[in-house]
Amino acid sequence: AAKDEQRGICRAFEARMDIAAQEKNRLEKDFRAAVRNDELEVHYQPLVNLETGDVECYEALLRWNHPTRGLVPPDVFVPIAEEMGLIDQIGRLVLYQACVEATLWPEHIKVSINVSPLQFRNGNLLSTVINALSTSGLCAERLELEITEAVLMEKGPRPAAIIRNLRAFGIGISLDDFGTGYSSLSYLLNYPFTKIKIDKSFILNLDSEANSRAVIRAVIGLGRSIGLTVAAEGIESEVQRDYLREEGCLQGQGYLFGKPEPASALIVPGRRAA
Ligand code: C2E
Ligand code: MG
Ligand code: MG
Ligand code: MG
């Protein structure tokens, strides 16, 4: 009987695996169609100066507008795109679209774009970025690329060389989700970062956890002492904003200031008509 029961559990498990595999299959098929049918949409979320409240930058955040599922978040489809070998194509799309959109904003407002570690592997990130700038006419100083530590853990000299070249063109380089990985201090010194973004998990727990406050304070001090802009993501309350500002964090992003929205819904003071 125990054997039978085990076999039953196995079969139930296999059935569930089948469903998961089918679901994944369906998503992959849908995603290929999404790229063809233009279902990917770039949304924009403001980063504001915590002293003045002025918008200094918009981060481009990709959305998949699925015909029946509605908006699918990037945490679901970016890994699919990476696995299917479509991330370069999608990365190019976001870069071009966001750079063109940013040319409609006042010149003091920058645009930041997330870059997948895989885009550093396949070789033409630098020329893709330079092409997006020259096609759109956006000047390099108005573009920031957000990378995570996963990029720096890629083997070989390539990521470092690409990052240095991008920086040499005047493009800003942000270290995203800071504090969640190894947060090695040598990364901060060995790469020409211009900004660190403190991960939202620390901001979320700011009110309740003295440890989160301690990490936030330490990261702000560290970043400032080596000349980096320090930004925080996931700010939802005034208490969080006030703490960050008082500790010397320069920029903030979060629902308190604005959610990600399609370009057509943005209210950018001084935005030109497309
Ligand atoms: P990220 O770059 O760290 O982006 C910040 C995420 O925090 C966004 O999630 C944003 O919507 C969310 N967020 C901002 N403020 C708040 C807040 O106050 N509360 C809460 N709960 N969340 C907030 P989103 O848009 O779902 O993106 C998730 C991740 O997907 C991004 O994290 C980024 O790593 C990746 N991603 C997004 N767009 C792209 C893209 O075009 N290319 C690549 N390679 N990755 C992308
Ligand atoms: Mg980001
Ligand atoms: Mg982040
Ligand atoms: Mg993130």
Selection from region 137-153 of residues that are among the acidic types (Asp, Glu) and more than 14 Å from ligand 1 (Cβ to nearest atom): Glu141
Considering only region 252-274, state which residues are buried (at least 17 other Cβ atoms within 10 Å of the Cβ) and within 16 Å of ligand 4 (Cβ to nearest atom). Gly252, Gln253, Gly254, Pro260
With respect to Phe193, is the statement that it is in contact (Cβ under 8 Å) with a residue 40 or more places away in the chain and either within 18 Å of Leu95 (Cβ to Cβ) or within 14 Å of ligand 2 (Cβ to nearest atom) (or both) true? no
With a cut-off of at least 2 residues that are of a type in the set (Val, Ile, Thr), name the helices (runs of 4 or more DSSP H) lying wholly within region 155-274. 158-168, 210-225
Just the residues that are away from ligand 4 (no atom under 15 Å from the Cβ) and farther than 20 Å from Cys99 by Cβ, please, taken from region 143-178. Leu152, Met153, Glu154, Lys155, Gly156, Pro157, Arg158, Pro159, Ala160, Ala161, Arg164
Any residue in region 61-78 that is more than 16 Å from the chain's Cα centre (by Cα), surrounded by 19 or more Cβ atoms within 10 Å (Cβ to Cβ) and either farther than 28 Å from Ile198 by Cβ or aliphatic (A, V, I, L, M) (or both)? no
Spot the failing condition for Asn205; the list is (1) over 30 Å from Glu238 (Cα atoms); (2) within 16 Å of ligand 3 (Cβ to nearest atom); (3) surrounded by fewer than 19 Cβ atoms within 10 Å (Cβ to Cβ), and only one is missed. (1)
If we keep just the residues of region 215-249 that are away from ligand 3 (no atom under 16 Å from the Cβ) and either in contact (Cβ under 8 Å) with a residue 40 or more places away in the chain or of a type in the set (D, E, K, R) (or both), which is surrounded by the most Cβ atoms within 10 Å (Cβ to Cβ)? Arg241
Looking at (1) over 27 Å from Val55 (Cβ atoms); (2) away from ligand 3 (no atom under 15 Å from the Cβ), which one does Ser183 not meet, given that it meets all the others? (2)
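Please count how many residues of region 140-155 are modelled with pLDDT of 95 or more and either aromatic (Phe, Trp, Tyr) or buried (at least 16 other Cβ atoms within 10 Å of the Cβ) (or both). Don't jump to the end; show me each part of the working.
Quick first cut of region 140-155, residues modelled with pLDDT of 95 or more only: 140-147.
Subset that is either aromatic (Phe, Trp, Tyr) or buried (at least 16 other Cβ atoms within 10 Å of the Cβ) (or both): 140, 142-147.
The total comes to 7.
The values are calculated or read from the model by the stated rules, or taken from the named source; none is laboratory data. This one's a predicted model, so the numbers in the text were calculated from it and none came from an experiment. Here the Cβ is made from the backbone with ideal geometry for all residues, glycine too, and neighbour counts use every protein chain on show.
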